[in-house]
Amino acid sequence: MKTSKTTVIDAPAATVFLWLEDNDRLKKWVPNLIEDEPLVETPDRIGSRFRQVFLENGKEMEMTGEITAFVENERMRVDMTGEMFNLDVDYILRAVSESQTEVTQNTEIRFKGMMRLFVPIMFVMSKFSSNDPQDAAHDTLKSLAEAEFQAG
């Protein structure tokens, strides 16, 4: 299942990018993220690995990830592996002006095992749901990055 979300943020790309790569900042806008720790760090960031823990319906779900593309202030792509599904998340930043950035998040979810049977249902439900977690996450990212930029 693939999704894409684009948001314009009134902050420079350098400020917005910090919210994508900084462990503490991630926990403030990524839904249900409670732990984010580096496992292996590489000088150019590609190949860096990390572990994240999410709290979903009272249960912890652990995923490991690897940065597969990295251009500071422009792009970060990560592949994440979990028990029930894998994610390919690609963040692309485009400077609209010196103080405005367009962020596009392209996500592919690859379900595993029995979860694959629910893909058609989940796809239809996501199209009719007014409670899109990706929308909420982008709204939070936008407000946090804009507040940080305005605060100087």
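At a glance:
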{"read-out": "Criterion: of a type outside the set (A, V, I, L, M, F, W, C) and on the phi > 0 side of the Ramachandran plot - qualifying residue of 47, 65", "value": "47"}
{"read-out": "Considering residues of segment 15-58 that are in contact with a strand residue (DSSP E or B) (Cβ under 9 Å, 6 or more places away or on another chain) and of a type in the set (Gly, Ala, Ser) only, the residue farthest from residue 141 (Cα to Cα)", "value": "47"}
{"read-out": "Given (1) modelled with pLDDT of 85 or more; (2) in a helix (DSSP H, G or I); (3) among the polar types (S, T, N, Q), number of the condition residue 106 does not satisfy", "value": "(2)"}
{"read-out": "Neighbours by Cβ (under 6 Å, 6+ apart or cross-chain): first from segment 134-150, touching a residue at least 12 places away in the same chain (Cβ under 8 Å) and assigned to a helix (DSSP H, G or I); second of a type in the set (Asp, Glu) and surrounded by fewer than 18 Cβ atoms within 10 Å (Cβ to Cβ)", "value": "146/10"}
{"read-out": "Extreme residue, farthest from the chain's Cα centre (by Cα), among residues of segment 69-79 that are in a strand (DSSP E or B) and buried (at least 16 other Cβ atoms within 10 Å of the Cβ)", "value": "70"}
{"read-out": "Qualifying position, being at pLDDT 95 or above and within 23 Å of residue 85 (Cβ to Cβ), among 41, 66, 72", "value": "66"}
{"read-out": "Leading residue by the ranking (surrounded by the most Cβ atoms within 10 Å (Cβ to Cβ)) among those in segment 1-56 that are within 15 Å of residue 78 (Cβ to Cβ) and acidic (Asp, Glu)", "value": "36"}
{"read-out": "Any hit, segment 43-62, residues being basic (Lys, Arg) and closer than 17 Å to residue 133 by Cβ", "value": "yes"}
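For (1) free of Cβ contacts under 8 Å to residues at least 24 places away in the same chain; (2) part of a helix (DSSP H, G or I); (3) in contact with a helix residue (DSSP H, G or I) (Cβ under 8 Å, 6 or more places away or on another chain), each residue gets a yes or a no:
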{"position": "7", "(1), (2), (3)": "no, no, yes"}
{"position": "17", "(1), (2), (3)": "no, yes, no"}
{"position": "20", "(1), (2), (3)": "no, yes, yes"}
{"position": "27", "(1), (2), (3)": "yes, yes, no"}
{"position": "37", "(1), (2), (3)": "yes, no, yes"}
{"position": "47", "(1), (2), (3)": "yes, no, no"}
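The values are calculated or read from the model by the stated rules, or taken from the named source; none is laboratory data. Since we're looking at a predicted model, the values are computed, not measured. Cβ atoms come from the backbone with ideal geometry, glycine included; neighbour counts cover every protein chain shown.
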